Amino acid sequence: MNSNQLEVFCLIARVKSFSKAARLLHLSQPAVSAQIRSLEDHLGVELFERQPQGVELTAAGRVVYRYATQILALWDSMEKHLDSLCGLHNEELLVAASSCLGNYALPCAVYDFGQKHPTAKVRLEIANRQQIIGQLQDNRVQVGIVEGPLEELDGGFKIKEVARDTLVIIAAPQSPWAERQTISLEDLRTEPFILREKGSGVRRAFEQVLADHGLSLEELNITAELGSMDAVKSAVQAGLGLSLSTRLAVKSELRRHSLYALELAGGSVTITHYLVYRTGCYQSAVTRKFIQFITSPGEQIFC
């Protein structure tokens, strides 16, 4: 039994649904179910009754929930006490993240980490993939979160997957493509297209998709290259053309219907985000805590 299992258990108890808890935790439902099975096996009791509307705590589950909330509160208090002993309040951590994750999803992780460790200082810096790799190699940042693959980095770095996203083509509401769900690469060749700057992880992933189909960027009707995701979104919303993004980066716009997302015909393209940090050297207490926090399966790192 571990604190992650108790956190997953308490969340399911509050929302009364395995699937909803899985979405909130950004885990698969089988992973959440496995956590609960492991906890039930350890305790020797069933914790939930499955019902058509969701789940309810069993009598044993209600007992476990009462103690679990107390245990987690004590655990949180212990970590804060240890933070003060380890001098966490005197240390600052610089985290560099690519714009698609850093601007739109990761700020919640920094906020939640600050809530758990109020004396820690974490500064989030946004840069493109190429810049972050250079900063890691030059020891200018302790931790980076970038899109993979990361063949540029040598064996002196630890690389851990923290998120998966989907590459999409974005269109304005007034675009005729807003009524469609997919778009082919052949159709993209004739549409005005707005591109991210060189060094962008999303651009790199798109170039690989084109190369896999025997195409290159030079064959597209590129009307502009812009250096930020916000600039790209504004240009697309103004009707200046189509562009590309990760789905997470346009989640708010998709919800408001100020942008529409199309999958590339032939299958979705997955973008994997990795946590990267140097090994074989001293890590401050705040660095170790942040790495543990981000890679913990029970944490919600997305806004």
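Where a number appears in this text, it was derived from the coordinates with a stated rule and is not lab data. Not measured: the values here are computed from a predicted model. Glycine gets a Cβ as well: all are built from the backbone with ideal geometry, and neighbour counts include every protein chain shown.
What to note about this one:
- Using θ = phi - 60° in the Karplus curve 6.51 cos²θ - 1.76 cosθ + 1.60, the 3J(HN,Hα) couplings for segment 170-179 round to 10, 9, 6, x, 7, 6, x, 6, 5, 8 Hz; x is entered for Gly and Pro.
- 27 Å Cα-Cα reach of LYS80 towards lysines, excluding residues that sit fewer than 8 places from it in its own chain: LYS116, LYS121, LYS158, LYS160, LYS289
- Counting only DSSP beta bridges with both residues in segment 143-287, the antiparallel share comes to about 70 percent.
- Computing semi-axes √(5λ) of the Cα gyration tensor in Å directly from the structure and comparing it against (i) 38, 23, 16; (ii) 30, 25, 16; (iii) 38, 26, 16 singles out (iii).
- If R0 is taken as 30 Å, the Cβ-Cβ distance between ASP41 and THR119 corresponds to a FRET efficiency of 0.20.
- LEU217 sits among other residues whose Cβ lies under 13 Å from its own Cβ, and their net charge, with Lys and Arg +1 and Asp and Glu -1, is 0.
- Each residue of segment 69-76 was assigned a 3J(HN,Hα) from its phi angle through the Karplus curve 6.51 cos²θ - 1.76 cosθ + 1.60 (θ = phi - 60°); the sequence is 5, 5, 4, 5, 5, 5, 4, 4 Hz, with glycine and proline shown as x.
- Extension gain (nm, one decimal) between ARG288 and GLN51, 0.36 nm per residue minus Cα-Cα: 81.2 nm
- If R0 equals 30 Å, the separation of the Cβ atoms of SER3 and ARG23 corresponds to a calculated FRET efficiency of about 0.90.
- Packing-based ranking, highest mean first, of 271-278, 250-257 given that Cβ atoms within 10 Å are counted: 271-278, 250-257
- Sites ASP76 and ASN221 - FRET efficiency at Förster radius 45 Å, r taken between beta-carbons, to 0.05: 0.25
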